[in-house]
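Student: Okay, handing you the structure first.
The values are calculated or read from the model by the stated rules, or taken from the named source; none is laboratory data. Predicted model only: the values in this text are computed from it and were never measured. Neighbour counts run over all protein chains shown; Cβ positions are idealised from the backbone, glycine included.
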């Protein structure tokens, strides 16, 4: 490789991209990651270090990295990362086995909301994959749009690898859609790398096959249509996102005022049509969703602090809900851009939730392309430490968090967040004083 290419911005990101390919290939070679968590974390943080270096360079001069050649390299390597890790077994999370199971039920004409996977009525349908399903006493928490995806894939093949395909494709479409949104927002296209090259996105989608990309794609599509002035189509896209994963409801305060008045018809009618085929067991379904949202707890941040102070999970949840409601009202009443409002809402929700699995950050990551935040980008790296629970779980079947690991995740994140907030306030104050001084001089 010539010295000129190494000095070229495109050449620099290409070299770091190839380093990422090697590291993802190393993860692939580990096989079952549950039994190789320390080595996986080492490779993950090396990949994150390479990613962070490129992000830092791009943030310093995003325009220089936004040439057609550079964007081709960014997108092309992003696809190569995903192709590399696609062939890894989904061992960090077993959620994808439930996707396959839900698809089986739909294709057999059984309402997947009616029975939990462990129900004796479903015993004749069980096979080798069924044993990998987690929380078999709890019904599926996924919306009807995802049920359609699961059933369609299951019609093609009974395989967790095939089940990954649509979610990896949706992930690729998110990258392309972010390029269009960056154009509309007047931002350099190279900022797409913040999402496209983030190791968390690659590991959680191409590796574990998480289905969040379906709802995120629909949500970003709704925001794109909204920014293009298509309020009715945007409302329809939002219906699809909500009917895929209920996380999408959190974005309503950022979008509601900007939607066409037809939203009052489109949203309830669209949701009614999508849920209608499953209406006979919706009470069981929402009971399962309530169970997941109310009783599960893992890797919590501010919620852990609230719980420590109040000594009550119920009181902590009430305080967290009140804080989120305050932020939602602020976003709703403000004139901030919809993308910024979405970042505020999801960031607040992630800080206050009682359960924060690493892949939940996929909902925030696209918005960092428009408003890069050092602390949140760092958090997408640190959150992988929460997989330490798999070490003992794989060996003894015991799921136990370490408070020291939680501190290692949250202390650097909150420290950097507070530093950046302080610097931002100083910059604003300095700008205000400079403007006031100019006014006095005139």
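Student: Looking at 145, 55, 73, 149, which one is touching a residue at least 60 places away in the same chain (Cβ under 8 Å), farther than 30 Å from residue 289 by Cβ, assigned to a helix (DSSP H, G or I) and under 20 Å from the mean Cα position of the chain (by Cα)?
Tutor: Working: 145 fails: farther than 30 Å from residue 289 by Cβ; 73 fails: under 20 Å from the mean Cα position of the chain (by Cα); 149 fails: farther than 30 Å from residue 289 by Cβ.
None of the other options fit; the residue is 55.
Student: Which one of these is closer than 25 Å to residue 408 by Cα and free of Cβ contacts under 8 Å to residues at least 60 places away in the same chain: 296, 363, 264?
Tutor: Working: 363 fails: free of Cβ contacts under 8 Å to residues at least 60 places away in the same chain; 264 fails: closer than 25 Å to residue 408 by Cα.
Going through 296, 363, 264 in turn, just one is closer than 25 Å to residue 408 by Cα and free of Cβ contacts under 8 Å to residues at least 60 places away in the same chain: 296.
Student: Residue 311 - would you say it is farther than 28 Å from residue 234 by Cα and surrounded by fewer than 18 Cβ atoms within 10 Å (Cβ to Cβ)?
Tutor: Details: farther than 28 Å from residue 234 by Cα: yes; surrounded by fewer than 18 Cβ atoms within 10 Å (Cβ to Cβ): yes.
Taking the combined requirement at face value, the residue satisfies it.
Student: Could you list, in sequence order, all residues of the stretch 195-229 that are touching a residue at least 12 places away in the same chain (Cβ under 8 Å), within 15 Å of residue 184 (Cβ to Cβ) and in a loop (DSSP other than H, G, I, E, B)?
Tutor: To start, the set of residues in the stretch 195-229 that are touching a residue at least 12 places away in the same chain (Cβ under 8 Å) comprises 195-228.
Right, trim to within 15 Å of residue 184 (Cβ to Cβ) and you get 220-228.
Within the stretch 195-229, just 228 meets the criteria.
Student: Based on this model, can you work out whether residue 250 counts as assigned to a helix (DSSP H, G or I), modelled with pLDDT of 95 or more and over 21 Å from residue 357 (Cβ atoms)? Write out each step before concluding.
Tutor: On the way: assigned to a helix (DSSP H, G or I): yes; modelled with pLDDT of 95 or more: yes; over 21 Å from residue 357 (Cβ atoms): no.
Spelling it out, it is not the case that residue 250 is assigned to a helix (DSSP H, G or I), modelled with pLDDT of 95 or more and over 21 Å from residue 357 (Cβ atoms).
Student: Let me ask something additional. Here are some residues: 133, 104. Which one is at pLDDT below 95 and surrounded by 15 or more Cβ atoms within 10 Å (Cβ to Cβ)?
Tutor: Working: 104 fails: at pLDDT below 95.
Just a single option satisfies the conditions, and that option is 133.
Student: Kindly list the number of the only condition in (1) modelled with pLDDT under 95; (2) within 21 Å of residue 205 (Cβ to Cβ) that fails for residue 66.
Tutor: Here residue 66 meets the rest and fails (2).
Student: For residue 99, which of the numbered conditions (1) at pLDDT below 95; (2) closer than 19 Å to residue 147 by Cα; (3) part of a helix (DSSP H, G or I) fails to hold?
Tutor: Here residue 99 meets the rest and fails (1).
Student: Still on this structure, I have one more. Could you list, in sequence order, all residues of the stretch 353-385 that are closer than 17 Å to residue 193 by Cβ and within 11 Å of the chain's Cα centre (by Cα)?
Tutor: To start, the set of residues in the stretch 353-385 that are closer than 17 Å to residue 193 by Cβ comprises 361-362, 364-374, 376-378, 380-381.
Correct list: 361, 362, 364, 365, 366, 367, 380.
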